[in-house]
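One structure is given below, encoded as structure tokens.
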Amino acid sequence: MSIKLVIFDLDGTLVNSIKDITNSLNYATGPFGLAPKTVDEVAALVGEGTTKVIERVIGEERLQYRDEVVKRFLEFYSDHIVDNTFPYPGVRETLESLNGYKKAVISNKREALSIKALEALDLLRFFDLIIGSDSTSERKPSPVPVLHVLSKLGLNQQDAVMVGDSDLDIAAGKSAGIKTVGVTYGYREREYLRDANFIIDDIKELPKLIKEL
């Protein structure tokens with residue numbers, strides 16, 4: 001077995017959280033004269049962290065309200081983090097079948113919120129390490145979080161694979177020198193995964209693929 005570590009993205013890869021993120025964003029921006037966003041609109045925006053999403057939504061003309069909107073978002077989201085969030089089909093079984101591997105999560109969601117969501121969904125127990133957007137000096141697509149995980153777990157690039165649904169995940173993995181697997185069922189279209197070493201349509205395909213690496 002050459003692969004020893006599987007690194008997962010969280011939102012759009014392990015869990016479908018887009019409804020709760022949308023509700024929280026609409027709550028946060030409501031007092032500032034912005035029309036509510038749809039789930040599809042928010043899915044196209046997420047990936048680079050809360051502050052980036054909010055900056056895009058409020059626009060430059062309301063940028064002075066950014067910190068207040070971020071605060072409203074985080075407070076609401078923390079209280080409603082898994083109201084409508086659920087693991088994608090096959091995720092739990094796949095994680096159980098990968099019990100011989102180290103496993104980590106690298107999310108551009110803040111670390112405390114990532115842990116809270118995983119714990120609430122009874123997924124936290126599967127992972128050796130959780131890294132959020134505020135855990136390291138840089139976030140995906142930077143290789144810094146990936147290299148941090150490797151260092152913490154005492155492993156090398158050839159030991160690991162990165163699994164995610166967006167170009168940010170693939171870029172982070174590739175720039176860190178590890179193999180990458182794109183999943184097509186998440187928030188991004190297949191075209192965003194074109195640079196991945198492998199692309200799968202179902203998370204249940206992952207254990208077999210990893211064994212062959």
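Values quoted throughout were computed directly from the atomic coordinates according to the rules given, and no laboratory measurement underlies them. The structure presented is a predicted model; accordingly, all values stated were derived computationally and were not measured. Note: ideal-geometry Cβ built from the backbone for every residue, glycine included; neighbour counts use all protein chains shown.
Please label the shape of the stretch 52-178 as rounded, prolate or oblate, based on the square roots a ≥ b ≥ c of the eigenvalues of the alpha-carbon gyration tensor (a/c under 1.5 means rounded; beyond that, a/b larger than b/c means prolate, else oblate). It comes out oblate by the Cα gyration axes. Of the residues ILE170, THR136, THR180, the one whose Cα sits farthest towards the positive end of the charge dipole of the stretch 96-213 is THR136 (charges of +1 on Lys and Arg Cβ, -1 on Asp and Glu Cβ, taken about the Cα centre).
Membrane-span-like helices in the chain, defined here as complete DSSP H runs extending at least 30 Å along the helix axis by their C-alpha atoms with mean Kyte-Doolittle hydropathy no lower than 0.5, are absent; this is a sequence and geometry rule, not a statement about a membrane. Rounded to the nearest 500, the 222 nm mean residue ellipticity of the chain from helices alone is -11000 deg cm²/dmol, with -39,500 (n - 2.57) taken per DSSP H run of at least 4 residues.
Computed extension gain for ASP134 through VAL39, at 0.36 nm per residue and net of the alpha carbon distance, reaches 31.7 nm.
The charge dipole of the chain, taken about its Cα centre with unit charges on the Cβ atoms of Lys, Arg (+1), Asp and Glu (-1) only, comes to about 460 debye. Per residue, the convex hull spanned by the alpha carbons of the chain comes to 109 Å³. Treating r as the C-beta distance of THR184 and GLU68 and R0 as 41 Å, the FRET efficiency rounds to 0.65. Placing a label point 7 Å from the Cα of ASP202 along the Cα-to-Cβ direction, the residues of the stretch 74-109 whose backbone N falls under 19 Å from that point are 87-98.
A full extension of the chain between GLU60 and ASP122 corresponds to an added length of 18.4 nm, given 0.36 nm per residue minus the alpha carbon distance. Each of ILE3, ILE58, ASN23 was placed along the dipole of the stretch 1-64 (beta-carbon charges, centred on the mean Cα), and the one lying farthest toward the positive end is ILE3.
Take every pair of alpha-carbon atoms less than 8 Å apart whose residues are at least six positions apart; their mean separation over the length of the stretch 108-156 yields a relative contact order of 33 percent.
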